[in-house]
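Working notes, structure below.
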Amino acid sequence: MPSSSTLAVFLIAALALLVVPGPAVLYIVARGIDQGRSAAFASAAGIAGGSLVHVAAAALGLSALVASSAVAFSTVKWLGAGYLVFLGIRTLLREPHPEAMPAQLPRSRRRIFLQGVAVQILNPKMALFFLAFLPQFVDPARGSVPLQTLALGGQLVGMGLCTDSTYALVAGSAGAWLGQNTTFLRSQRYVSGTVFIGLGVTAAPTGQGKH
């Protein structure tokens, strides 16, 4: 497992990225406004389920890279760091706008859950995010790379489910404000963008000497 200091940085970074609402949160909030809290909870669970698929794929991919060469793993870390910086800059420059919801929404809680899974799995940006974010905290010298990736990814998904469920809980009352208040949306992009850039600038270069 990663060192306690690395794990602490991971948890802080993950919390900072999760507490500010992004597209997934706005999706969940919009679902809650339209169909109630139970539908919002089902959507949050679906998003988490789809995220676990991305975590498993990242674990398999990183395992293959480490088996191939340490250079390949380091290259992925540097590319991932660059991608995080890119995400941060793009987030800072992006104008806030409410996410549009499909006109026809499924009513069955099972269908809502499955739609949430599909929305997350079929989002290529999420696959890139997990492949860029998780390796920054994985150290091959401290044990199995797939297990470290799964453990960190599992914690990230679990934390995400908690924060998403909180938004689902308040969706019926404050959800409209969260989705439509441009001042709030503008402030959250500054937080997210800064965290992305900070991770990209510091995480990968710091970890290179470990491998």
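Values quoted throughout were computed directly from the atomic coordinates according to the rules given, and no laboratory measurement underlies them. Everything quoted here is computed from the prediction, not taken from an experiment. Reconstructed Cβ throughout: ideal geometry from the backbone, glycine too, with neighbour counts over all protein chains shown.
Things to note:
- Least to most buried among Tyr167, Tyr27 (fewest other Cβ within 10 Å first): Tyr167, Tyr27
- Sorted ascending by nearby beta carbons within 10 Å, beginning with the fewest, Asp139, Asp164 become Asp139, Asp164.
- With the simple spin-label model, which puts each label point 7 Å out from Cα in the Cβ direction, the Thr194 to Arg142 separation comes to 2.6 nm.
- Taking other C-beta atoms within 10 angstrom as a stand-in for reagent exposure, Leu169, Leu161 fall in the order Leu169, Leu161, fewest first.
- Peptide packing for 43-53, 4-14, 143-153 was compared via the average number of neighbouring C-beta atoms within 10 Å per residue; ordered from the highest value, the list is 43-53, 143-153, 4-14.
- Backbone phi angles across region 54-62, fed through the Karplus curve with coefficients 6.51, -1.76 and 1.60 (θ = phi - 60°), yield HN-Hα couplings of 5, 5, 4, 5, 5, 4, 5, x, 5 Hz in residue order; Gly and Pro are listed as x.
- Simple label model, 7 Å out from Cα along Cβ direction - Val201 to Ala118, nm: 4.2
- Paramagnetic reach from Thr166 in region 1-23 [backbone N under 14 Å; point 7 Å along Cα→Cβ]: 12-22
- A straight chain from Ala57 to Ser4 at 0.36 nm per residue would run longer than the Cα-Cα distance by 16.6 nm.
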